[in-house]
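Since the structure comes first, as C-alpha cells, the remarks are kept for the end.
The values are calculated or read from the model by the stated rules, or taken from the named source; none is laboratory data. Note that this is a predicted model, so its numbers are computed, not measured. Here the Cβ is made from the backbone with ideal geometry for all residues, glycine too, and neighbour counts use every protein chain on show.
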Amino acid sequence: MPAKKHLLLLNPWIYDFTACDFWLRPLGLLYLAAILREYTAFQVDFLDFLDSTPLQGYQGFKSRLRPDGRASFYKEEVPKPEIFRHIPRKFSRYGWPLALAEESLKRLSTPEAVLLTCTLTYWYPGVQTAVELVRKIFGRVPVILGGIYASLCPEHAARESGADLVVTGPGENRLLGLLEEICGRSQLKPGAEGVIFPGLDSMLSPAYDLYQDRSVACLLTSRGCPFSCSYCASRRLWPQFEPRSPEKVVSEILHLHELGARQIAFYDDALLLNKNQHLEIILDRIISLNPGLNFHTPNGLSPRAVDAGLAVRLRQAGFTSIFLSLENADPTWLQETGPKVSPADLETALAFLEEAGYRRDEISVYLLVGHPAQTREQVVESLRLVRHLGARPRLAYYSPVPGTLDWQRLVEAGQVRADSDPLLHNKLAFPYFWGRISPADLEAINRAHRAG
C-alpha cells in the first residue's frame with residue numbers, strides 16, 4: 001500500500017515588542033484542517049509554534065498559566081528591525097525556540113504543500129522565518145499563505161513573505177481547488193470536486209483534536225461587523241455580517257467540551273448584535289445544559305447592548321471574563337470615529353452586570369491609545385472615568401490598519417505611505433512615527449494607568 005501523502009499546516013511565530021497568549025488559536029487554519037481531513041486523503045500534520053504545551057520544562061521554561069487559560073509565551077530577544085532602531089524597547093520572537101521548531105519539522109514527512117497563516121500584519125517576520133526553515137528542511141515545497149496579513153497586505157506578502165501563493169479573504173472555498181492544481185486530483189476523495197461552503201453554518205468544526213492540550217479554545221458565532229468604525233478593518237475582511245445559527249454554535253461548544261475544553265473565548269467582532277435572536281438563545285441553551293465551562297469575551301462587548309436580562313444570562317452561563325469596549329470617553333472623538341457607544345452606556349452596563357453578580361473591579365474596559373486624533377488628556381480622562389465607575393481600564397494600543405478610513409487619512413496627510421512597511425502598523429510604533437501622543441505622553445499615560 002503506497003505511503004500517505006502529507007500536508008503541513010503551520011502557525012508561525014510572533015515578532016513584536018510584547019505579546020501574550022490571550023486565548024490565541026489559529027481558528028482559520030483549524031477550519032481548513034477539518035476540510036482537508038474530510039475531503040482529501042492527505043495526512044494532515046499540524047504545528048503551532050505559539051502553543052506553549054510542548055515547551056513545559058524546556059530549558060527550564062514554565063509558562064505563567066492563569067486560572068482562566070491565558071498564558072505567557074516563551075520568548076527570545078532578537079535584533080530590532082532597522083526601522084525600529086531608535087525605539088528604546090527590546091524586540092523578541094515569541095513562540096517555540098528555533099531549535100525545537102527545526103527538530104519538530106525534521107521528524108515530519110516531506111509535505112506536498114505547506115499552509116501558513118498570519119494574523120496581525122506586522123507579525124509577518126514570523127512568516128518569513130517559518131518559510132526559511134521550511135525551505136531549509138524540505139526544499140522547494142509549495143508554500144501557501146493566508147490569513148489577515150495576506151488579505152490586508154497582499155502585495156507585500158507576495159513580495160516579502162517567501163510564500164509561493166498568497167490567498168486573500170476566506171480560504172475554505174479555494175483550498176481544494178488550489179491543492180488539485182498543485183498536487184493533482186488523486187488526493188481528493190470522491191465527491192470533493194466542486195464542494196462549496198456557503199457560510200459558517202456549513203463548515204465542519206475546527207480540528208481542535210490536533211492539539212495535545214485542548215483545555216483552551218476559541219470560536220466564532222458570526223463573521224464581520226455591520227458598523228464602520230474608522231479604525232477597524234472588519235468590514236474590509238468580511239463585507240457582509242454573517243451570524244451562525246444558535247443551534248450550530250451550541251453543538252460546537254458541546255463538541256469542544258467533549259474534546260476537553262474548559263476555557264472558551266468568543267472572538268466575534270459584534271457578539272451582541274441582534275442578541276435576542278442570537279446570543280441570548282445560545283446562552284439559554286448553555287444554562288439549561290450546564291456544561292461547567294468558563295467563557296471569555298476578549299474582543300470586547302458593546303456596553304450599549306448590555307441590559308439586565310443579558311447580564312444575568314452571561315453570569316449564569318459561565319462568562320467569567322467580561323471585556324467591554326468604550327475606546328474613549330470624549331463625545332466628539334466618539335462621534336468622529338463611529339458613535340456606537342457612550343460613557344452613559346458604560347455606566348448603565350456596569351450597573352446591570354453588578355446587579356447580576358459581577359464585581360465591577362473584575363470587569364475590563366478597553367480604552368484606545370494612540371489614535372491619530374487622540375490627545376494624552378483624552379486618554380487620561382478616560383482612565384479616570386473608568387476608575388470612577390469602579391471598573392478596570394485596559395489600554396488597547398491603536399494600530400493603523402490598511403483599508404480603514406483612519407489609514408486613508410494618515411496616507412493623505414503624508415504621515416505614512418500607502419506602501420509603508422507593515423511593521424509600521426505595530427501597536428507600539430505610533431509615538432515614534434505619527435500621531436499626537438509622544439513617547440513622553442505615552443509614559444505619562446502608562447504611569448496614570450499603573451497608579452490606579
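Some notes on this structure:
- Of the numbered criteria (1) closer than 30 Å to Asp213 by Cα; (2) surrounded by 19 or more Cβ atoms within 10 Å (Cβ to Cβ), the one Arg315 fails is (2).
- The residues in region 212-237 that are farther than 18 Å from Gly338 by Cα and either surrounded by fewer than 19 Cβ atoms within 10 Å (Cβ to Cβ) or of a type in the set (Lys, Arg) (or both) can be counted, and the count is 5.
- Among the residues of region 148-167, those identified as in a loop (DSSP other than H, G, I, E, B) and either touching a Leu at 6+ places or on another chain (Cβ under 8 Å) or at pLDDT below 95 (or both) are Ser161, Ala163, Val167.
- Qualifying residue in region 92-111 (condition: over 23 Å from Ser215 (Cα atoms), outside the structural domain of Val401 (by TED's automatic domain parsing) and aromatic (Phe, Trp, Tyr)): no
Residue by residue, here is whether (1) at pLDDT 95 or above; (2) on the phi > 0 side of the Ramachandran plot holds:
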| residue | (1), (2) |
| --- | --- |
| Lys4 | no, no |
| Leu7 | yes, no |
| Leu10 | yes, no |
| Ile14 | yes, no |
| Phe22 | no, no |
| Tyr39 | yes, no |
| Val44 | yes, no |
| Asp48 | yes, no |
| Gly69 | no, yes |
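Each row is one residue, and each column tells you yes or no for (1) more than 17 Å from the chain's Cα centre (by Cα); (2) at negative phi.
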| position | (1), (2) |
| --- | --- |
| Thr121 | no, yes |
| Glu132 | yes, yes |
| Arg140 | yes, yes |
| Gly147 | no, no |
| Ala150 | no, yes |
| Ala158 | yes, yes |
| Ala163 | yes, yes |
| Leu179 | yes, yes |
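- Residue-level check: of (1) among the polar types (S, T, N, Q); (2) under 19 Å from Ser251 (Cα atoms); (3) more than 21 Å from the chain's Cα centre (by Cα), Asn294 misses just (3).
- Among the residues making up region 297-313, a single one is assigned to a loop (DSSP other than H, G, I, E, B), of a type in the set (Val, Ile, Thr) and either out of contact with any strand residue (DSSP E or B) (no Cβ under 9 Å at 6 or more places or on another chain) or farther than 20 Å from Leu220 by Cβ (or both): Val306.
- For Thr332: the one exception among (1) surrounded by fewer than 22 Cβ atoms within 10 Å (Cβ to Cβ); (2) more than 30 Å from Asp406 (Cβ to Cβ); (3) not small (Gly, Ala, Ser): (2)
- Region 5-104 holds strands (runs of 3 or more DSSP E) entirely within its bounds, and those carrying 1 or more residues that are free of Cβ contacts under 8 Å to residues at least 40 places away in the same chain, more than 24 Å from Ser321 (Cβ to Cβ) and of a type in the set (Asp, Glu) map to 75-77.
- Sole residue being under 26 Å from Pro154 (Cβ atoms) and either free of Cβ contacts under 8 Å to residues at least 60 places away in the same chain or in contact with a helix residue (DSSP H, G or I) (Cβ under 7 Å, 6 or more places away or on another chain) (or both), chosen from Asn328, Asn426: Asn426
- Selected residue (criterion: farthest from Thr404 (Cα to Cα)) from residues of region 316-329 that are of a type in the set (A, V, I, L, M, F, W, C) and assigned to a strand (DSSP E or B): Phe319
- One residue from Leu152, Leu133, Leu220 being outside the structural domain of Val44 (by TED's automatic domain parsing) and not basic (Lys, Arg): Leu220
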